[in-house]
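Below is one structure, written out as structure tokens; the observations come after it.
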Amino acid sequence: MRPFEYGNPSTVAQAVALLGPQWDEAAVLAGGTDLLSLMKDYIVSPKRLVNIKNIRALGGVREEKAGLRIGAAVTLEELYEHPGPLGRYPALRTAIEGVSSPQMRGMGTVGGDLLQRPRCWYFRNGFGLLARNAKGQPLVPGGDNRYHAIFANSGPAYFVCPSSLAPALVTLGASVRLEGPKGARELPVAQLFQIPKDANEREHAIAPQEILAEILIPASAASTRNATYEVRERQFMDWPLATASVALRLEGREVRQAQIVLGEVAPTPWRAEAAERELAGKTLDEAAAARAGEAATQGAHPLSRNGYKVQLVRVAVQRALLAAIA
Amino acid sequence: MADLQWPPAANRHLIGKSISRIDGPWKSSGTAKYSYDMNPPGLLYAKMVTSPYAHAKITAIDTSAAEHAPGVHAVHLFTAVGKEVTCEGQEVAAVAADTEEQAEDAARLVRVEYDELPYLVADTDPTHAGAGNFRQNSEETQGNPTQGFQQAEVVSEGEYGLPVITHCCMESHGSVAQWDGDKLNVWLSTQNVSGQGGEYAQGLSNAGINFSASNLHVDCQVMGGGFGSKFSADTWGVAAAVLAKKAGRPVKLMLDRNVELLVAGCRPSMHGKIRVGAKRDGTLVAWESQSWGTGGVRGFGVPPIPYIFDIPNYSRTHANVLTNIGAARAWRAPNHPQMCYLTMTALEDLAAKLGMDPLDFFLKNIALTGERADYYKQELQQAAEMIGWKQKWHPRGDKTPGSIKRGLGLSIHTWGGAGHQGFCRTTIHPDGSVEVATGSQDLGTGTRTVIGIVAAETLGLPLEGVQVEIGDTKYPPDGASGGSSTVGGVTSSTRVAATDALNQLLAKVAPSLGTTPDKLEAAQGQIRVIGDPSKAISWKQACAKMGATPIVAQGQGGSRGPGRALISAGVGGAQMAEVSVDVDTGVVRMEKMVAVQDCGLVIDSKTAESQVFGACIMGTCYALHEEKIMDQQTGTCLNPNMEFYKLGGIDDIGDIVVHFMTDPMYENRGVIGLGEPPVVSPGAAISNAVANAIGVRVPELPMTPDRVLAALGKGGQA
Ligand SMILES: Cc1cc2nc3c(=O)[nH]c(=O)nc-3n(C[C@H](O)[C@H](O)[C@H](O)COP(=O)(O)OP(=O)(O)OC[C@H]3O[C@@H](n4cnc5c(N)ncnc54)[C@H](O)[C@@H]3O)c2cc1C
């Protein structure tokens, strides 16, 4: 790891002032569970770390009229200790439970989970976010892409968004508040993620000088039937192979509106719009769930080794839908 | 006179009982010190510079920037300009500095230039490997395979394989080295405490340091796993000593996790096309296999299949594909898990094709297993009873509605396990205290404990009555812990030494009890007259009679020593697995494993059981998760870390039930090694259980969801 300066601000404004206009100048340090491993492997080498764990304004979980406000520096474990609100958002609760290591839940923050960098093994082995060799050729299509994207994978990005909280938050219609030198702005969580167009772009639509301050789950989400289903190869400390988070507005068993978001299958959380359309106005039963699962695979273009993820999408959507109405 | 033979069952007070390991509290309280924990004053930390390329020629090395970097005291080169590196992670240089971070920073300042050379890292069959990249073995045949297949009424054909996996020791390889004048102390994480002298002498002399093996002191009280990968001190072990010499300070060089996974462990892959035929009644008649595998640039041995079942007619070929990956090292029961997997899966497929319960099929052909046929038969029946085979087994494909399918699978295995040669010294002091010392090592298996049990049993003392000293070259040398040789080696040497020491004591005590030594025994903390326990003196009183000089006896163990009658070799085992498979996601769960094992006389049933638990856990990991993944485009290993090099965690391991065969027929063979055999079968047993659950074979391990779904035709690897 390269030597770095360490800033320990107590306000968001101070923190923002310590960040720089380029990514390599400074990085926000939350739990550090991802950032420090990236630094130890020389994948990122910021000149300064800005610790945000001592900024009170970034802590706390509060229920307000507008909805549930979660400070970005709240750890997964702290959030999990709010069974009341989480009871209304089983989609989120299941995603937190999936991060099965107590150490990780104890250190990792909600903001850090959303902004963790992709697990793509070419990226993590030093071939860059877009996984290219020295000649600039992409390595994923002809390489081992078993964990890579099946949607939006025609390049230049092939990695998957690693956050399993993100799809849950997107289905719940959550938004984030970003604080920067020019003040605050709000974004739907869905728009926090982007597909980089070239090597200079990141996978998050946050600027180097911005801090993710808060996540807001709107009060209206509490009246949805929501659930997440994760497919995991093993229970122990691992990311899922594919996930589906769903939020439904029902009248009786009839679906008025469905939000279906897939995880670990695209460079961003992936809206399964065809599945949402498929369900609208239908009675949700096993057969309808299976049809929605099938529709969710529309547009999938598996690479050489990840065709199985298409099946996982099918099943995850179906099971998440059935879990939501169980 | 005390008898050297193992005591009969009725007279055993410790042997065979369930006894907690004596170093348990030491380990669980964190006071046990591993190589990693050794921090002598003035310690420097070393980091390695390793090759980023799978194959390249070194054209330049410049260490000057590293030498002048902050905190750096010494730099060592493993190689030289003009030499080749033949795998990623191969050691090039090492740098020792005041702190680990400084060493890491300085290592990155070592400038090495390479000319890249063609490489092969993909685990591919010989036809795709390209000329020069494999060594074909000549075909071996037995009987008349052509005629055999003509006799066969049912023939099953399939392809089976398992990838390269790494040893992935929890404690990586390495040591702390400290010079004291001409003497070298090393705290080395090793499976071979007594056997390092030659390697250090040679390695140091190559580095221009005059050193004689008699000046080497190795200390390894506890170690965090070796599994066959830690016999040698390795170049990095010698490098720590060289750096320590150059710097005049002690040096710690432990491999980083990525280097550990790249070069310090490799179980060769094995893949094969197999045809096997039987008569309609299940009688096995013919086998044909073309197999191949890779164990790195130097290849590895030829694993003969079929395994255990000596099918009358067979033909087999095997090719060693040479690849630019870290070289093969002995992995717990070298080659057996591979041979077992390829054989037992092919046989189970044949049973399915015959419409036979594989248990009946195995029993039908049990005579082909040779001299241990009776053992296998009893073990299969025992395992079947424990897992409820007859009640639960169903023909291929669980017909239960829903996506969760359950299945049962079985496998059998064998291993040698003869005790190695080694020496033990037993000292009885005049105050009654006893010390048993041997330059052996406890890999975490319970060696220290079984030595204590044997000594205490022999001397009629409680376990606390003996002090066990191992893991140090100041004790009489013992063999390397390989081939499951340790328990036989140390128990025979200990028994010989302790019996000899006891007989010396009995000779001194006999007159005071008014008898002769042959009428005396040591039991329950006393020396007493055989058959007349009222004529007894306490152990302490007895020892007080020896005068000021302790009694010392040295015993030789192993098959060439006087204790050869205490040990033997050749074990069998049967394992049965029950799995559940989600056929919609391809996720497999090992629900239960029954492991039935013979290993002669069990010394400590608790640590023995733990060995089998560990083996079943390790086996579940390689059956379901583990794989070293190489990228042919870049020559790089994609998963040299604990994230993508997947091992199971506690929630991924089902119930494990262990049973030892301990009837006199098994026990009378004496002590036989156990460390390796139980890790041989799990891959095959779990794969067979998955096939039984879902109705098709998942041909390649590990059975990850992509492979399971591919086998089911629901997607998967294209
Ligand atoms: C074994 C293992 C299993 C895991 N399994 C899962 C899983 O199943 N699902 C899942 O979703 N995650 C999983 N994780 C990831 C884990 O949840 C994340 O590492 C953790 O949440 C990151 O939080 P952190 O606070 O430590 O982030 P950090 O490491 O501190 O930061 C991560 C990144 O976000 C940036 N950042 C953090 N907070 C802010 C902020 N407020 N504003 C601006 N930038 C910020 C940092 O600069 C950095 O780039 C797993 C991790 C491990 C090690």
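Below are the figures for this structure:
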| read-out | value |
| --- | --- |
| Unmet criterion (only one of (1) modelled with pLDDT of 95 or more; (2) open to solvent by 80 Å² or more (accessible area, probe 1.4 Å)) for A:P3 | (1) |
| Candidates A:R225, A:R232, A:R146, filtered to the one that is surrounded by fewer than 24 Cβ atoms within 10 Å (Cβ to Cβ) and within 13 Å of the ligand (Cβ to nearest atom) | A:R232 |
| Hits in the stretch A:131-164 - residues which are aromatic (F, W, Y) and within 12 Å of another protein chain (Cβ to nearest Cβ) | A:Y147 |
| Test: residue in the stretch A:79-91 that is within 15 Å of the ligand (Cβ to nearest atom), open to solvent by 50 Å² or more (accessible area, probe 1.4 Å) and either of a type outside the set (F, W, Y) or away from every other protein chain (no Cβ under 14 Å) (or both) | yes |
| Leading residue by the ranking (nearest to the other protein chains (Cβ to nearest Cβ)) among those in the stretch A:103-130 that are open to solvent by less than 40 Å² (accessible area, probe 1.4 Å) and more than 23 Å from A:A207 (Cα to Cα) | A:W121 |
| Every pair of residues 6+ apart whose Cβ atoms lie under 8 Å, when the first sits in the stretch A:21-43 and is within 25 Å of A:G71 (Cβ to Cβ) while the second is of a type in the set (S, T, Y) and more than 9 Å from the ligand (Cβ to nearest atom) | A:M39/A:S45 |
| Strands (runs of 3 or more DSSP E) contained in the stretch B:395-510 and holding at least 2 residues assigned by TED's automatic domain parsing to the domain that holds B:V680 | B:404-415 |
| Matching strands (runs of 3 or more DSSP E) fully within the stretch A:1-55 where at least 3 residues are closer than 19 Å to A:P181 by Cα and more than 14 Å from every other protein chain (Cβ to nearest Cβ) | A:26-29, A:48-51 |
| Filter result for the condition that a residue is touching a residue at least 40 places away in the same chain (Cβ under 8 Å), surrounded by fewer than 22 Cβ atoms within 10 Å (Cβ to Cβ) and more than 14 Å from the ligand (Cβ to nearest atom), over A:P188, A:P162, A:P141 | A:P141 |
| Out of B:A480, B:A455, B:A437, B:A498, sole residue that is at pLDDT 95 or above, among the hydrophobic types (A, V, I, L, M, F, W, C) and out of contact with any strand residue (DSSP E or B) (no Cβ under 8 Å at 6 or more places or on another chain) | B:A480 |
| Which numbered condition B:G715 fails, given (1) assigned to a loop (DSSP other than H, G, I, E, B); (2) open to solvent by 30 Å² or more (accessible area, probe 1.4 Å); (3) more than 30 Å from B:G355 (Cα to Cα) | (3) |
| Within the stretch A:34-51, tally of residues that are open to solvent by less than 60 Å² (accessible area, probe 1.4 Å) and in contact with a Gly (Cβ under 8 Å, 6 or more places away or on another chain) | 7 |
| Cross-chain or 6+ apart pairs with Cβ under 6 Å, the stretch A:104-131 first and in a strand (DSSP E or B), then near the ligand (Cβ under 8 Å from one of its atoms) | A:T109/A:A30; A:T109/A:G31; A:T109/A:A73; A:T109/A:T75 |
| Filter pass, A:D198 being assigned to a loop (DSSP other than H, G, I, E, B) and open to solvent by less than 20 Å² (accessible area, probe 1.4 Å) | no |
| Wholly enclosed strands (runs of 3 or more DSSP E) of the stretch A:218-326 bearing at least 2 residues more than 30 Å from A:V61 (Cα to Cα) and more than 12 Å from chain B (Cβ to nearest Cβ) | A:254-263 |
| Those residues of the stretch B:585-606 which are open to solvent by less than 10 Å² (accessible area, probe 1.4 Å) and either assigned to a helix (DSSP H, G or I) or within 14 Å of chain A (Cβ to nearest Cβ) (or both), in sequence order | B:T585, B:G586, B:M590 |
| Top-ranked residue in the stretch A:65-77 [being open to solvent by 40 Å² or more (accessible area, probe 1.4 Å) and within 17 Å of A:A168 (Cβ to Cβ); ranked as nearest to the ligand (Cβ to nearest atom)] | A:E77 |
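Each row is one residue, and each column tells you yes or no for (1) free of Cβ contacts under 8 Å to residues at least 40 places away in the same chain; (2) more than 8 Å from every other protein chain (Cβ to nearest Cβ); (3) surrounded by fewer than 22 Cβ atoms within 10 Å (Cβ to Cβ).
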position	(1), (2), (3)
B:H625	no, no, no
B:T636	no, no, no
B:E643	yes, no, yes
B:G649	yes, no, yes
B:G654	no, yes, yes
B:M661	no, yes, yes
B:G670	no, yes, yes
B:E676	no, yes, no
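For every residue, the table says whether it meets (1) among the charged types (D, E, K, R); (2) surrounded by 14 or more Cβ atoms within 10 Å (Cβ to Cβ).
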{"residue": "B:G30", "(1), (2)": "no, no"}
{"residue": "B:K33", "(1), (2)": "yes, yes"}
{"residue": "B:A54", "(1), (2)": "no, yes"}
{"residue": "B:K57", "(1), (2)": "yes, yes"}
{"residue": "B:V75", "(1), (2)": "no, yes"}
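The values are calculated or read from the model by the stated rules, or taken from the named source; none is laboratory data. Predicted model, so just to flag it, every value in this text is computed and none were measured. Heads up, the Cβs are rebuilt from the backbone with ideal geometry, glycines too, and the neighbour counts pull from every protein chain shown. Accessible surface areas use protein heavy atoms only, side chains included; no ligands, DNA or RNA. Shrake-Rupley method; radii C 1.70, N 1.55, O 1.52, S 1.80 Å.
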